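Peer 1: Could you have a look at this structure, given as structure tokens, before my questions?
The values are calculated or read from the model by the stated rules, or taken from the named source; none is laboratory data. Quick caveat, the model's predicted, so the values are computed rather than measured. A quick note on method: Cβ atoms are made from the backbone with ideal geometry, for glycine too, and the neighbour counts reach across all protein chains shown. The accessibility values were calculated without ligands, DNA or RNA, using every heavy atom of the protein model including side chains. Shrake-Rupley method; radii C 1.70, N 1.55, O 1.52, S 1.80 Å.
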Amino acid sequence: SPEIDARYHAAVVHLGVGEVAPALALADTILRESPGHLFGYLIRGTAARFQANPTAQARAERDFLSHYQAEMAANRVEYLEHKPALDEFSKEAKQTERTGKAER
């Protein structure tokens, strides 16, 4: 949805300037509005990486991967527009899953 896409962009801006709390609030809003939406987990995982919180990062990555197939099958426009970011996060999440270690 356009609202979710706008929230994702706002979260990216917040993370870009080191404002983790507002980015996480946007992730929560996205997931409240659209449970399972990949952007919520992507934001949470990225914020956790910035905070050097491997436990929260791994949780966000697990949640992302558990919803990935169903969400991508939904063919949401915002997923198509941000496919490189989703692909990169998916790759990192699978790496963590294989090694048991979140990136620092």
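Peer 1: Scan segment 16-33 for residues that are in contact (Cβ under 8 Å) with a residue 24 or more places away in the chain, more than 18 Å from SER90 (Cβ to Cβ) and touching a helix residue (DSSP H, G or I) at 6+ places or on another chain (Cβ under 6 Å) and jot them down.
Peer 2: VAL20, ALA23
Peer 1: Here is a check on your reading of the model: is ASN75 open to solvent by 50 Å² or more (accessible area, probe 1.4 Å) and on the phi > 0 side of the Ramachandran plot?
Peer 2: Against the criterion (open to solvent by 50 Å² or more (accessible area, probe 1.4 Å) and on the phi > 0 side of the Ramachandran plot), ASN75 qualifies.
Peer 1: Just need a number here: residues in segment 83-104 that are part of a helix (DSSP H, G or I) and surrounded by 15 or more Cβ atoms within 10 Å (Cβ to Cβ).
Peer 2: So the count comes out to 7.
Peer 1: Being within 19 Å of LEU86 (Cβ to Cβ) and open to solvent by 40 Å² or more (accessible area, probe 1.4 Å) is the filter here; which residues of segment 30-63 pass it?
Peer 2: Within segment 30-63, GLU33, PRO35, ARG44, ARG49, PHE50, ARG59, ARG62, ASP63 qualify.
Rundown of residues vs (1) more than 17 Å from ALA48 (Cβ to Cβ); (2) of a type outside the set (Ser, Thr, Tyr); (3) at pLDDT below 95, yes/no style:
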{"residue": "SER66", "(1), (2), (3)": "no, no, no"}
{"residue": "ALA70", "(1), (2), (3)": "yes, yes, no"}
{"residue": "ALA74", "(1), (2), (3)": "yes, yes, yes"}
{"residue": "ALA85", "(1), (2), (3)": "no, yes, no"}
{"residue": "GLU92", "(1), (2), (3)": "no, yes, yes"}
{"residue": "GLN95", "(1), (2), (3)": "no, yes, yes"}
{"residue": "ARG98", "(1), (2), (3)": "yes, yes, yes"}
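Peer 1: Search segment 1-27 for residues being in a loop (DSSP other than H, G, I, E, B) and open to solvent by less than 70 Å² (accessible area, probe 1.4 Å), and hand back the single one that is modelled with the highest pLDDT.
Peer 2: The extreme case among them is GLY18.
Peer 1: Select from segment 73-82 the residues that are in a helix (DSSP H, G or I) and within 12 Å of the chain's Cα centre (by Cα) and list them in ascending order.
Peer 2: Correct list: TYR79 only.
Peer 1: Let me ask another. (1) closer than 18 Å to PHE89 by Cα; (2) touching a Phe, Trp or Tyr at 6+ places or on another chain (Cβ under 9 Å): which one isn't true of GLY36, the others all being true?
Peer 2: Condition (2) is where GLY36 drops out.
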